[in-house]
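Q: Before we start, here is the structure in question, set down as structure tokens.
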């Protein structure tokens, strides 16, 4: 071929591959809310949750066509076996079990399983009841034996900084407001059990306000209305060293995301979300809580009601955990610690509130 012809051919090929009209590569999908919208469009029968894997936001799908749709939206897809609908059905079956304290179960999207956790104190007979429900579902269920017992983390006045009602010490989670700008404080519902409705700041005994609504089973949250005009509620979370972090938004958690926890008695700034929705069976009063968040943080008595957050986003209200009588801290992480939280977003939406 003549050199000019070769040049023309090469030029034509380049025109094919580098044409300005070629389809643009979508921007990477990094916003959890947008990822949730993509998953919702595909449906719960073709998706299986959203989680972080290798630092990337990932959407689990059950077929290659759904994976292609996720990729077309700029997301990362992982094809899995069990759909969100299937795992939710297994979770519901387990929820029919009653009177099995020191257990927790919920969907773990990152493993595409329902994770069942059996803490100390569960009898062989009760474990057999759980295994009977789990067995027909094969690898859709994972049963783990964990040490320690599940306990609430309220505290009977033994030092620290927090909120008090008579002899009960708990922690404040987040300050919120309604459409009119009236300020409220979120904390744990079990802190109200026994009629502890009027709360003061532990340091100085300054009156803060009175409970306006609360729940202890099937959730664990309370709203305290500020009544002292001399108190100025700030939209921040305070760390142990006295510094503060601003809270600007609230949202649902994402499986596998990093989060921080701060409370009256301790803080743990290095943990991850283990399950976004967990059923928790507390042993001390036979209470079962649903749709709770489970993380790898430690927590101790007095931390009840404290804040769990990521960056500037409010995520959860501390309810309890295991080994609550043992110290915890950032310098000595204990990998067998688990903590439980009521989702902040649930309270925000149901009561038309907002962080600020």
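No value in this document is a laboratory result; all are computed from the given coordinates. Quantities reported herein were computed from a predicted structural model and do not represent experimental measurements. Please note: Cβ atoms are built from the backbone with ideal geometry, for glycine as well, and neighbour counts cover all protein chains shown.
Q: From a point 7 Å beyond the Cα of residue 312 in the direction of its Cβ, which residues of region 257-280 have a backbone N at a distance under 20 Å?
A: Counting backbone N atoms under 20 Å from the label point, the list is 258-262.
Q: Could you please rank 260, 41, placing first whichever residue has the fewest other Cβ atoms within 10 Å of its Cβ?
A: Values: 260 21, 41 13.
Ascending number of Cβ neighbours within 10 Å: 41, 260.
Q: Please give the FRET efficiency for residue 93 paired with residue 53, using the beta carbon to beta carbon distance and R0 = 30 Å, rounded to the nearest 0.05.
A: Details: r = 27 Å, r/R0 = 0.91.
According to the calculation, E is roughly 0.65.
Q: Test of understanding: what is the full-extension gain from residue 201 to residue 258, defined as 0.36 nm times their sequence separation minus their Cα-Cα distance? Each step should come with its number before you reach the end.
A: Details: separation 57, 0.36 × 57 = 20.52 nm, distance 2.95 nm.
The residue 201-residue 258 span can extend by a further 17.6 nm.
Q: Which entry is the computed P(r) over Cα pairs in 10 Å bins from 0, in percent for this structure: (1) 5, 23, 29, 21, 10, 4, 3, 2, 1, 0; (2) 6, 25, 33, 22, 11, 3, 0; (3) 6, 27, 36, 23, 7, 0?
A: Here P(r) over Cα pairs in 10 Å bins from 0, in percent agrees with entry (1).
Q: While we're here: Would you mind checking the tilt of helix 84-95 against the longest principal axis of the Cα atoms of the chain, expressed as 0 to 90 degrees and rounded to 10?
A: Compared with the principal axis, the helix lies near 20 degrees.
Q: Mind pulling the angle between the C-alpha long axis of helix 32-42 and the longest principal axis of the chain? Nearest 10 degrees, somewhere in 0 to 90.
A: 60 degrees
Q: Relative contact order (percent) for the chain, with alpha-carbon contacts under 8 angstrom and 6 or more residues of separation?
A: Working: 870 pairs, mean separation 54.4, N = 356.
Relative contact order here is 15 percent.
Q: Once you keep just the Cα pairs under 8 angstrom separated by 6 or more residues, what percentage relative contact order results for region 97-224?
A: Working: 207 pairs, mean separation 20.9, N = 128.
The value is 16 percent.
Q: Express in whole angstrom the spacing between the alpha-carbon centres of region 182-198 and region 208-238.
A: 6 Å
Q: Give me the extension gain from residue 284 to residue 131: residue separation times 0.36 nm, minus the current Cα-Cα distance, reported in nm with one decimal.
A: Working: separation 153, 0.36 × 153 = 55.08 nm, distance 2.34 nm.
Extending this stretch completely gives an extra 52.7 nm.
Q: Need the C-alpha centroid separation for region 51-104 versus region 268-317, integer Å.
A: 20 Å
Q: Next question. Can you compute the modelled spin-label distance between residue 44 and residue 231, with each label point 7 Å from Cα toward Cβ, in nm?
A: It works out to 3.9 nm between the two label points.
Q: Further question on the same structure: Going by how many other beta carbons lie within 10 Å of each one, how would you line up 91, 137, 190, fewest first? Before the final figure, lay out the partial values.
A: Values: 91 21, 137 17, 190 29.
So the ranking, lowest neighbour count to highest, is 137, 91, 190.
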